[in-house]
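Okay, structure first, notes after.
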Amino acid sequence: MKPVYFLSFLLPVALFIGCTSKNITDHPTESSFAFEFKVENYNQYYEVDPEGRLFKSSQEISITNVSDKHLGRINFSLHPKLIIDHITIRNLDGKETSIKQWDKIGVRKTSRIWADTSLNEFPVYQIQTSESFAPHQQLVFEIDYHLDVDFIRDYPEEMYELTFSPKASYAVGPFTGHNPYFGRNLIAPFTITIKHPKELYTCAPGNLITSKQENQFVIDIYECKYPNIPTFSCVKYKRISRQSDIFRLEYYLYPDQQVTEGMIDTTFRVIDLYSKTFGDNGTREYRFGTVGKAKSWNLGGENKGNAIFLTDFATRVYTNWLLNWSASLFTGGLSGKDINFLFFSHELYHNWNLFYVNWSGKLYEWFGEGGANFITAWAAERVIGIEVGAQIRKAFIKSFIENKGYEASQPLESVRKTVNAERALMYKYGAIVWEQLRRRIGDEAFFAGLRKFYRQKGFKQATYEDLLASFQARADIDVEKFLSQWTTENVKIKLNIGDVSIQKMKTGFRTTVEIEVDSEKDYDIVTAIGYKTSKKENLTILPINITQNGKSVHI
């Protein structure tokens, strides 16, 4: 039969790629907030009783002076609606340090997600003490606070907002404001104790150590021994559990949410695929907790290790025909089932690339978010089918162009999550860069290198140089040179499929495809053409390597 050709799925048609002070009292920003104290450990206690209009916390936080100075002050910020009741500072022997005074000295501004305004303004407090703290000295910072009752909501807010309501209460975002913020470091091992009415369930990262009932309340204690951000939800959930031979899944759902057995089976398959491919990360129980507005139109997730918080969009897009149809139009053809798969598999992979290894240095966002999107498309190939993987990559490029990722202010090696262009660059373009590397060195070398990297760096610090070394040991090209053309430079490429000629031969058909590359210089580009001779056949992939501008013909 005459072959039917589909779009190039690694670098699609018409692709444009572009990467183009110390005074804390004066509105400190994320970048200028003094980084003087590092969090070493959290011990947090919460009482959450929406009907009783009570949200309060007592926390003991171990911090270390990481500056090179003797300091007689501690600066921190907190959510503006959390009212401080008491602060105590002790040394490790339990001796209390006298506080001369503490004042609000400014505000910290940080970007908000899905919020009515573009910035959060969190008050910055400064505590002045009667004695100074030496470099590397460790302290215990104790704080008690409660939530302003005027901040109690009738219904849940967006998932990244601190929310306290009879319907749902949660604090799951990285900068929700329930954890005192001393600079740039929020991640540390923790213990969380949550006292809540017995009708509610909690969902939090780590191991559930105990759960016991006291009269009309339940006290849950979670412990997370590896560095993480203390987060939790407390909702009148519907809980569904499933157990395989190795792994356990727990879904904490809003009352009208549905989880199908197909969704659960696919989640088990993805976890099994990741474990066999990248190694055992030690996690045996995964929790999925719904937060945010009911019937949300925002697809969002927040991975906190074995606890993954998400909007209800991820499940509704699977089961609701109208949402399925709308999402398909927006993504260029992905079904609700595919979008559900993309979302869950992306967040699950973070248990390897964000928690199994501790990445530091350049290309953090490419490794984290771009890497998770890349793995999602690859996993779709393995679990659902090769055409779904291709369609997911096409959706990445569509979103990249629509959000003008080519206008990002920083290249991929240093980009951060700020506006939509930067997010498109790291999430969508970053995934395609991963795919370029995979195709350039081949599956065997690529996945062997990735396995080696995780095996050597599991539960350790890792850098870009470590990753390069793992790939280079298996590759027959200069991996760093190949990647640098995509990560360090401003790039603009237009790739078009031109003339397609199909000639009948004695034993079949001879097909030639003309591909045109238009860019300011030559790039080492790896792409592919997919074809099949009937709708019932699987897609056949033909790899193509293009190293020069202009037109090239491929047979």
Next on the checklist: Helix-only mean residue ellipticity at 222 nm, the chain, DSSP H runs n ≥ 4 weighted -39,500 (n - 2.57), per residue, nearest 500. What is it?
Outcome noted: -7500 deg cm²/dmol
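Could you work out the local net charge near Lys452, counting Lys and Arg as +1, Asp and Glu as -1, over the other residues with Cβ closer than 11 Å to its Cβ?
It works out to a net charge of +3.
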Checklist entry - So how far apart, in nm, are the two label points at Ser275 and Gln138 if each is 7 Å from Cα heading toward Cβ? => result 3.4 nm
Item to check | 5 angstrom amide H check on Ala307, placed H, neighbours 5+ away | outcome: Gly206, Arg287
Item to check | Two-site FRET efficiency, Arg153 against Tyr226, from Cβ-Cβ distance with R₀ of 30 Å, rounded to 0.05 | outcome: 0.40
Checklist entry - Using 0.36 nm per residue, how much length does the chain from Asn320 to Lys417 gain when fully extended, once their Cα-Cα distance is taken away? => result 31.8 nm
Checklist entry - Over what distance in Å are the Cα centres of the stretch 130-168 and the stretch 227-247 separated? => result 22 Å
Item to check | Leading residue at positive end of dipole, the stretch 54-205 (Cβ point charges), from Ile84, His146, Ala188 | outcome: Ala188
Item to check | Pairwise label distance in nanometres, Gln243 with Glu520, each label 7 Å out on the Cα-Cβ vector | outcome: 6.0 nm
Item to check | Projected label distance in nm at Glu402 and Ser552, using a 7 Å step from Cα toward the beta-carbon | outcome: 3.1 nm
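Where nothing but the Cβ of Lys and Arg (+1) and of Asp and Glu (-1) is charged, how large is the charge dipole of the stretch 37-234 around its Cα centre, in debye to the nearest 20?
500 debye
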Item to check | Packing-based ranking, highest mean first, of 253-262, 370-379, 401-410 given that Cβ atoms within 10 Å are counted | outcome: 370-379, 401-410, 253-262
Checklist entry - Semi-axes of the equivalent ellipsoid of the stretch 358-488: what are they in whole Å, largest first, if each equals the square root of 5 times a C-alpha gyration tensor eigenvalue? => result 22, 19, 13
Checklist entry - Using 1/(1 + (r/R0)^6) with R0 = 45 angstrom and r between the beta carbons of Glu199 and Asp103, what's the FRET efficiency to the nearest 0.05? => result 0.65
Checklist outcome for this item: Log entry: pair-distance distribution for the chain, C-alpha pairs binned every 10 Å from zero, whole % per bin is 3, 16, 26, 25, 17, 8, 3, 1, 0, 0
Item to check | Cut-off 18 Å (backbone N to label point 7 Å along Cα→Cβ of Arg284), residues of the stretch 174-218 | outcome: 205-211
Checklist outcome for this item: Among Thr311, Phe367, Asn351, the residue whose Cα sits farthest towards the positive end of the charge dipole of the stretch 259-414 (+1 at Cβ of Lys and Arg, -1 at Cβ of Asp and Glu, taken about the Cα centre) is Thr311
Checklist outcome for this item: For the stretch 539-550, Karplus-derived ³J(HN,Hα) couplings (6.51, -1.76, 1.60; θ = phi - 60°; whole Hz; x for glycine and proline) come out as 5, 9, 10, 10, x, 9, 10, 10, 10, 9, 5, x
Checklist entry - Hey, what do the phi angles of the stretch 374-381 turn into as Karplus ³J(HN,Hα) couplings, whole Hz, using 6.51/-1.76/1.60 and θ = phi - 60°, x for Gly and Pro? => result 4, 5, 4, 5, 5, 5, 4, 4
Next on the checklist: Just to be sure I follow: if Rg is taken over the C-alpha atoms of the stretch 458-519 and Rh is the Kirkwood radius over the same atoms, what is Rg/Rh?
Outcome noted: 1.25
Next on the checklist: Quick query: amide H of Val218 versus all other amide H atoms, modeled in the peptide plane; which residues come in under 5 Å with a sequence gap of 5 or more or a different chain?
Outcome noted: His196, Lys198
Checklist entry - How big is the charge dipole of the chain about its Cα centre, in debye rounded to the nearest 20, if each Lys and Arg gets +1 on its Cβ and each Asp and Glu gets -1 on its Cβ? => result 1420 debye
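At 0.36 nm per residue, minus the direct Cα-Cα distance, what do Phe35 and Tyr531 gain on full extension? Give it in nm, one decimal, please.
Full extension of this stretch gives 173.1 nm more.
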Checklist outcome for this item: Once phi for every residue in the stretch 318-332 is put through the Karplus expression 6.51 cos²θ - 1.76 cosθ + 1.60 (θ = phi - 60°), the whole-Hz ³J(HN,Hα) values, with Gly and Pro written as x, are 7, 10, 9, 5, 5, 5, 4, 5, 5, 5, 5, 5, 5, 8, x
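So, with +1 on the Cβ of K and R and -1 on the Cβ of D and E, and no other charges, what is the size of the charge dipole of the stretch 437-513 about its Cα centre, to the nearest 20 debye?
Around 380 debye, computed over the stretch 437-513.
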Item to check | At 1.567 mPa s and 4 °C, Stokes D of the stretch 72-201 from Kirkwood alpha-carbon radius, µm² per second | outcome: 78 µm²/s
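Only the coordinates and a few stated rules stand behind these numbers; no lab work does. These figures come from a predicted structure and were not determined experimentally. All Cβ positions, glycine included, derive from the backbone under ideal geometry; neighbour counts span all protein chains shown.
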